[in-house]
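Some notes on the structure that comes next.
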Amino acid sequence: MTDFIQLLVAGISIGSIYAMTAIGFVLLWQTSNTINFAQGEFVVLPAFAMVLFLTVFRWPFAAALLATVLVSTLLLGFLVKEVLVARLLEAGVLPLVIATIGLSLLIRYSLQYFWTPLALPFPPVFSRVPIRLGTIVLSWEELMNVLLVGIVIGALQLFITRTKLGWAMQAVAQNRTLATVLGIDVSRLVTLTFVLNAALAAVAAILIAPVYLVKYDIGIGLGLKAFYAAIIGGFNQIRGALLGGLLVGVVETLAAAYLSSQFRDAFALVILIAVLLLKPEGIWGVKEEWSS
Amino acid sequence: MRRLLPLGALVLGALLPLAFEQYKLYVASLTLVYLILAIGLNLTLGYAGQISLGHAAFMALGSYAVAILGQRGLPFEVGLAVGAALGFFWGLVVGFPALKVKHHYLAMVTLGFNIIVFLVLRNWESLTGGSFGISEIARPAWGPISFKSDRAYYLYMLGWAAVVVTSAYWILTSRWGRAFRAIRENEMRAEVVGVSLRNYKLMAFAIGAAYAGIGGALFAPLLSYIDPGAYTLDRSIQFLMMVVMGGLGRFEGPFIGAVLVTVLPEILRASEGLYLIIYALAVILMMLFMPKGLVALWDRALGN
């Protein structure tokens, strides 16, 4: 039982990071029909940036964090939107998908080739002193991950439901043509979404880096799980991505401990296929109209 | 004449490697394997608009079928047939749930499939030899005629490549090919005029996977040794790049792509990391400036 609770908390902790990555993914899809295959690398790049600022430049933590978010939003937010997405948006889903696959390879192998193929250690963000509740041992890292992700997602939800900009985003997500007619600057909103996604990815990077270590290829698994989380929960809902992320995190952690650690990465796919067969719009999703 | 000219060039180009020295002949043989896989993926991606990131996994099914059945004394062709059938079957299994929804889901499901196949190959040691793989995979022989030498095996592979090219040509000029194209051009319209979207997409994907099985089967005896490292996601992505660079949905596309992706590293002589970066850049630039692929240059040269 003790083991189970510890594993459950660990699963929720990693799942909350998947959820945050998945939410950015869903936002991009909703406002710009971009399926970002580079989403995993969008987390890896800021993680490397953080290592650069923190351990190479030896900047204080807050400055490094700020610089990381800045780099991420500029490169992965503005630049990607202006150079790739703005030009390919009208060409349909497929060219943009292929371009983001190219982008993921470019980021991944550039980091490997120009920086290092090795895993870089990342200084712990939170205290490593364990918390003991009777026989249960938890870590600050796990609890703070969940708390931080909760705060970020809460703030995002408030932004989307309570501000004018957030309403405009919802309008674009629901019907782009109509939003344009209503005088919403769609292009600016797409940029905003990319910047938001990049900022979310930077936060995810800082949370996941101490867990996974920083390596050029961790983005493959991370991006995959974020995508699975988004489909499992419902591709068109923030809460769906949240649910999906937690589910993937918990199931894979428990299954790795109790069933097979060698096949850890396979369990998310099993849930995904089950969901696709039984409820293709996702557990919490809404059926979409023809959108092409 | 316009048709005969490329055909003649093709036959000549295909026979030319027989005069090559050993290493170049090996590169040419590898190009044939890639060509078969790229033709399969082009059917799936270029014509039916479905992204598969798991072609290396289907290829692995073919390679391991040949290797494992060969160990048990069965002839190569049986392994190849089993490999193609396995590719087709798993194509249906993987494609069925993914194609139930939107077209982009297939990409992620196949990506996951690739990872799982890799894990199975590495961990099912009693069958696959685990990380050590399987060695001494025999080349085919028909009674007294043996395809053991590199040149003979190249010819043998060329025969299968011809079968694949011809069958793909036949599929694409048949009713099916027209349906595939109709789906790619406009899904909604295709459905309105009575094309059963899902069945055709599923078939396009499963046939592409079966071709990958054939390519994989031919690949195994080429090196006479296989291990899971040859069937990673990177390999799948390489196939995707071939098809995109050659020209999506164009019959000539895979030929250009396969030759380019195998020959370019030989010319560049750069480390693997660097040419992956170059490919990645090329794919992005291609999407931005030449979405029709390199085949567009060819078109321009021919003046149409």
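Summary table
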item: Taking only Cα atoms of segment B:242-285, radius of gyration then Dmax in Å; result: 10.7, 31
item: Exposed GluC sites (Glu not before Pro) absent - longest run of chain A, DSSP non-H/G/I/E/B, at most 12 other C-beta within 10 Å; result: A:1-287
item: Length gained when the stretch A:W140-A:L79 is fully extended (0.36 nm per residue, less Cα-Cα span); result: 18.4 nm
item: Ratio Rg/Rh, restricted to chain B and using Cα atoms, in which Rh is the Kirkwood radius; result: 0.96
item: 10 Å Cβ shell holding at most 13 others, DSSP loop, GluC sites (Glu not before Pro): longest site-free stretch of chain B; result: B:137-304
item: Residue-span extension gain [A:V129 to A:L8] - 0.36 nm each, minus C-alpha spacing; result: 41.6 nm
item: For B:Y225, residues with placed amide H under 5 Å, excluding near neighbours; result: B:I137
item: Excluding exposed DSSP-loop trypsin sites (Lys or Arg not before Pro) (at most 10 other C-beta within 10 Å), longest clean stretch of chain B; result: B:73-268
item: Value of [θ]222 nm, deg cm²/dmol, for chain A, DSSP H segments ≥ 4, -39500 (n - 2.57) each, nearest 500; result: -22000 deg cm²/dmol
item: Computed [θ] at 222 nm, deg cm²/dmol, chain B (DSSP H ≥ 4; -39,500 (n - 2.57); rounded to nearest 500); result: -24000 deg cm²/dmol
item: Full-extension gain in nm, B:S167 to B:N186, via 0.36 nm per residue minus C-alpha separation; result: 4.3 nm
item: Förster radius 25 Å - calculated FRET efficiency between A:K164 and A:L70 (Cβ-Cβ, nearest 0.05); result: 0.50
item: Shape box of the protein assembly as shown [Cα atoms, principal axes, largest first, Å]; result: 75, 59, 48
item: Accessible surface buried once A binds B (1.4 Å probe; total of both sides; Å²); result: 3900 Å²
item: Accessible-area composition of chain B, carbon plus sulfur, in percent [1.4 Å probe]; result: 68 percent
item: Average partner coverage of B:104-114, which counts Cβ from other chains inside 10 Å; result: 6
item: Cα shape, segment B:103-182, gyration tensor, a/c 1.5 rule; result: oblate
item: Computed over segment B:11-138, Kirkwood Rh from alpha-carbon pairs, angstrom; result: 16.3 Å
item: Selected from B:L25, B:L285, B:L233 as most flexible by GNM, with chain B as the system and alpha-carbon contacts under 10 Å; result: B:L285
item: Calculated FRET efficiency for the pair A:A274/B:A301, C-beta based, R₀ 30 Å, to 0.05; result: 0.05
item: Prolate/oblate/rounded call for segment B:189-304, Cα gyration tensor, a/c under 1.5 rounded; result: oblate
item: Nearby lysines by direct alpha-carbon distance to B:K201 (threshold 23 angstrom, same-chain neighbours under 8 apart not counted); result: A:K279, A:K287, B:K100, B:K102, B:K292
item: Peptide B:271-282, shielding by other chains (average Cβ, 10 Å cutoff); result: 5
item: Rounded Å value of the spacing that divides the Cα centres of segment B:76-155 and segment A:123-202; result: 42 Å
item: Alpha-carbon spread of segment A:66-150, three principal axes, descending order, Å; result: 59, 31, 25
item: Where a label projected 7 Å from the Cα of A:R264 along Cα→Cβ would reach, residues of segment B:84-127 with amide N under 19 Å; result: B:112-124
item: Surrounding net charge for B:I237, when Lys and Arg each add one and Asp and Glu each subtract one, Cβ distance under 15 Å; result: -2
item: Nearest-0.05 FRET efficiency for B:I267 and B:R151, computed from C-beta distance (R0 25 Å); result: 0.60
item: Viscosity 1.002 mPa s, temperature 20 °C, Stokes-Einstein D of chain A from Kirkwood C-alpha radius, µm²/s; result: 110 µm²/s
item: Volume per residue of the C-alpha convex hull in segment A:199-248, rounded to whole Å³; result: 78 Å³
item: Loop-resident sites, segment A:30-93, for trypsin sites (Lys or Arg not before Pro), counting at most 13 other Cβ within 10 Å (DSSP); result: A:R58
item: Spin-label model distance (nm) - B:Q71 vs B:L127, 7 Å beyond Cα toward Cβ; result: 1.1 nm
item: Heavy atoms of B:Y23 accessible to a 1.4 Å probe, total area in Å² rounded to 10; result: 110 Å²
item: Shape of segment B:20-95, Cα gyration tensor, a/c cut at 1.5; result: oblate
item: Principal axis dimensions, largest first and in whole angstrom, of segment B:60-219 by Cα; result: 55, 35, 20
item: Hydrodynamic radius (Kirkwood) for segment B:125-270, which is based on Cα pairs only, to one decimal in Å; result: 17.9 Å
item: Relative pair counts by distance (%), Cα atoms of segment A:219-292, 5 Å bins; result: 4, 18, 25, 24, 16, 8, 3, 1, 1
item: Cα-only Debye scattering, segment A:1-114: base-10 log of I(q)/I(0) at q = 0.12 Å⁻¹; result: -0.54
item: q = 0.09, 0.18 Å⁻¹: log10 I(q)/I(0) that the Debye formula gives for segment A:124-283, counting C-alpha atoms only; result: -0.39, -1.29
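The values are calculated or read from the model by the stated rules, or taken from the named source; none is laboratory data. Because the structure is predicted, anything quoted here is derived from the model rather than measured. Don't worry about glycine lacking a Cβ; one is built from the backbone with ideal geometry, like all the others, and counts go over all protein chains shown. Just so you know, the surface numbers come from the protein's heavy atoms only, side chains and all, with ligands and any DNA or RNA stripped out. Shrake-Rupley method; radii C 1.70, N 1.55, O 1.52, S 1.80 Å.
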